[in-house]
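Undergrad: Provided herewith is a single structure, encoded as structure tokens, for subsequent inquiry.
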Amino acid sequence: MTVAQAHDWQQAMAERIVCHDDMNDVRTIAGVDVGFEENGTVTRSAVAVLAFPQLQLLDFTIARLPTCMPYIPGLLSFRETPAVLAALQQLTVKPDLLLCDGQGRAHPRRFGVACHVGLLSGIPAIGVGKQKLCGEHDVLPDEKNSVVALTEGQETIGTVLRSRRGVKPLYVSIGHRVSLTSAVHFVQQSLAGFKLPEPIRWADGLASNRGKTVEKANHILGRTS
DNA sequence: GCGACAG
DNA sequence: ATCTTGTCGC
């Protein structure tokens, strides 16, 4: 598939994204992230499922697949989704909602990684980016919970959220089966004093295994191996 | 032509 | 994303 064909596919799939709330009661919420090993030749995806709104770890999985393609702005999901879907299928506790590290609808063709993962898995998903891919927005007050619309032309594609004072904001956008208003609400409800929501903090640590996160998670879940 | 460009 | 030293603030 060429870059142009990939673009066409994204544009077509974007029309299948459900942009309104279409989910059951959220009792479990999962963080999704991806890391790389072996000099980038291996893609490692981690999914951490937490109880909602308690935010206690309930389950986690890690999947490793050969890296299928390089990073290309706008086509990130093709590189990460295979590993993410593999990790999701290994879960024992099924998540009611996904918090993906990256953009959702706030994408040039409205089909970021959160949309890609949400659509292919069928699970409601939200995109939480640490950096902006596209769109413009007004100055955001340096106050916790400040929000401002992320727009492109007359279209609102996401919400810029200051999850903590003194840090760069989060770029929240619709992934699948959730409204932007609810998306921002769930992200705020998943914060516990840090810049990133808890589900993503766990997934982030598990994907790169920083600070012996895997060992800590196994300990909490009472797993021997 | 120049700047931007998720992870 | 990944690598990597030092520094600022609570």
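Undergrad: How large are Rg and Dmax for the stretch A:144-217 when calculated on the C-alpha trace, in angstrom?
TA: 14.1, 47
Undergrad: Okay, moving on. Between A:Ala183, A:Pro169, A:Val148, whose Cα lies farthest towards the positive end of the dipole of the stretch A:145-197 when Lys and Arg beta carbons carry +1 and Asp and Glu beta carbons carry -1, centred on the Cα centre?
TA: Result: A:Pro169.
Undergrad: Whole Å is fine, so just give me how far the alpha carbon centre of the stretch A:153-205 lies from that of the stretch A:79-101.
TA: 18 Å
Undergrad: What is the spread of the Cα atoms of the stretch A:93-225 along each of their three principal axes, largest first, in whole Å?
TA: 54, 36, 22 Å, listed from the longest principal axis down.
Undergrad: Now, a different point. Could you tell me which of A:Gln56, A:Gly127, A:Gln90 has its Cα farthest along the dipole of chain A towards the positive end, charges placed at Cβ (Lys, Arg +1; Asp, Glu -1), taken about the Cα centre?
TA: A:Gln56
Undergrad: Also, I was wondering about something else. Quick one: longest stretch of chain A between exposed loop GluC sites (Glu not before Pro), exposed meaning at most 11 other C-beta atoms within 10 Å and loop per DSSP? Provide the component values of the computation, followed by the final result.
TA: On the way: sites that count: A:Glu15, A:Glu143.
The answer is A:16-142.
Undergrad: Using the Cα centre as the reference, give the magnitude of the dipole from point charges on the C-beta atoms of chain A (Lys, Arg: +1; Asp, Glu: -1; all else neutral), rounded to the nearest 20 debye.
TA: 520 debye
Undergrad: Right, something else. For the stretch A:56-129, with equal point scatterers placed on the C-alpha atoms only and solvent neglected, what are the log10 I(q)/I(0) values from the Debye formula at q = 0.12, 0.13, 0.15 1/Å, to two decimals?
TA: After summing over all Cα pairs, the log10 values are -0.32, -0.37, -0.49.
Undergrad: Is there a quick way to get the dipole size of the stretch A:81-140? I mean about its Cα centre, with the Cβ of Lys and Arg at +1 and of Asp and Glu at -1; what is the value in debye to the nearest 20?
TA: I would put it at about 140 debye.
Undergrad: With the cut-off at 22 Å, report for the stretch A:1-123 the share of all Cα pairs above it, as a whole percent.
TA: Numbers: 2703 of 7503 pairs.
Within the stretch A:1-123, distances greater than 22 Å cover 36 percent of Cα pairs.
Undergrad: How far apart, in nanometres, would the label points at A:Lys94 and A:Met1 be if each is projected 7 angstrom from Cα along the Cα-to-Cβ direction?
TA: Between A:Lys94 and A:Met1, the simple spin-label model gives 2.6 nm.
Undergrad: Ignoring everything except DSSP H segments at least 4 long, calculate the 222 nm mean residue ellipticity for chain A; use -39,500 (n - 2.57) per segment, divide by total residues, nearest 500.
TA: -8500 deg cm²/dmol
Undergrad: Quick check: residue separation of A:Arg64 and A:Ala12 times 0.36 nm, minus the Cα distance between them. What number comes out in nm?
TA: Difference between extended and current length: 15.8 nm.
Undergrad: Take the alpha carbon atoms of the stretch A:48-72, find their center, do the same for the stretch A:1-34, and report the distance between the two centers in whole angstrom.
TA: Rounded to whole Å, the Cα centres lie 16 Å apart.
Undergrad: Also, I was wondering about something else. A:Lys216 to A:Arg27: FRET efficiency via 1/(1 + (r/R0)^6), r the Cβ-Cβ distance, R0 22 Å, to the nearest 0.05?
TA: That gives a FRET efficiency of 0.40.
Undergrad: Let me ask something else about it. Only helices at least 15 Å long along their axis, Cα-based, and averaging -0.5 or more on Kyte-Doolittle count here, so list those DSSP H runs from chain A.
TA: Numbers: long enough: A:3-14 (16 Å, -0.40); A:76-89 (20 Å, 0.66); A:198-208 (16 Å, -0.30).
Result, helices passing both filters: A:3-14, A:76-89, A:198-208.
Undergrad: Can you tell me, using C-alpha contacts under 8 Å and at least 6 residues apart, the relative contact order of chain A as a whole percent?
TA: Value for chain A: 22 percent.
Undergrad: How many percent of the accessible area of the stretch A:78-194 is carbon or sulfur, using a 1.4 Å probe?
TA: Exposed carbon and sulfur together represent 49 percent of the surface.
Undergrad: Still on this structure: Quick one: Karplus J couplings for the stretch A:93-105, per residue in order, coefficients 6.51, -1.76, 1.60, θ = phi - 60°, nearest Hz, x for Gly and Pro?
TA: With the stated coefficients, the stretch A:93-105 comes to 9, 7, x, 8, 8, 10, 10, 9, 7, x, 7, x, 6 Hz.
Undergrad: If you don't mind, there's one more thing I want to ask. Using a Förster radius of 25 Å, what is the FRET efficiency between A:Val42 and A:Gln188 based on their Cβ-Cβ separation? Nearest 0.05, please.
TA: Rounded to the nearest 0.05, the efficiency is 0.15.
Undergrad: At a probe size of 1.4 Å, how large is the accessible area of A:Thr67, to the nearest 10 Å²?
TA: Near enough 40 Å² of accessible area.
Undergrad: Let me ask something else. For the stretch A:1-86, what's the relative contact order in percent, using C-alpha pairs closer than 8 Å and at least 6 residues apart?
TA: The normalised contact order for the stretch A:1-86 reaches 23 percent.
Undergrad: Further question on the same structure: For chain A, report the translational diffusion coefficient in µm²/s to the nearest whole number, using Stokes-Einstein at 10 °C, 1.306 mPa s, and a Kirkwood Rh over Cα pairs. Display every interim value, and only then the final one.
TA: Values: Rh = 17.4 Å.
In µm²/s, the coefficient rounds to 91.
Undergrad: Near A:Lys216, which lysines are there with a Cα under 23 Å away, not counting those fewer than 8 places off in the same chain?
TA: Straight-distance partners of A:Lys216: A:Lys94, A:Lys195.
Undergrad: Which residues does the label zone of A:Tyr71 cover in the stretch A:1-38, counting backbone N under 19 Å from a point 7 Å along Cα→Cβ?
TA: Correct set: A:32-38.
Undergrad: I would also like to ask the following. As a test of reading the structure, rank A:Tyr171, A:Tyr71 by solvent-accessible area (1.4 Å probe, protein chains only), most first.
TA: Result, largest first: A:Tyr71, A:Tyr171.
Undergrad: Can you find, among A:Gln5, A:Cys19, A:Phe36, the residue sitting farthest towards the positive end of the charge dipole of the stretch A:1-136, where Lys and Arg contribute +1 and Asp and Glu -1 at Cβ?
TA: Working it through, the farthest residue towards the positive pole turns out to be A:Gln5.
The values are calculated or read from the model by the stated rules, or taken from the named source; none is laboratory data. Just so you know, these numbers come straight off a predicted model, no measurement behind them. All Cβ positions, even for glycine, are placed from backbone atoms using ideal geometry, and neighbour counts span all protein chains on display. Please note that ligands, DNA and RNA were not included when accessible areas were found on the heavy atoms of the full protein model with its side chains. Shrake-Rupley method; radii C 1.70, N 1.55, O 1.52, S 1.80 Å.
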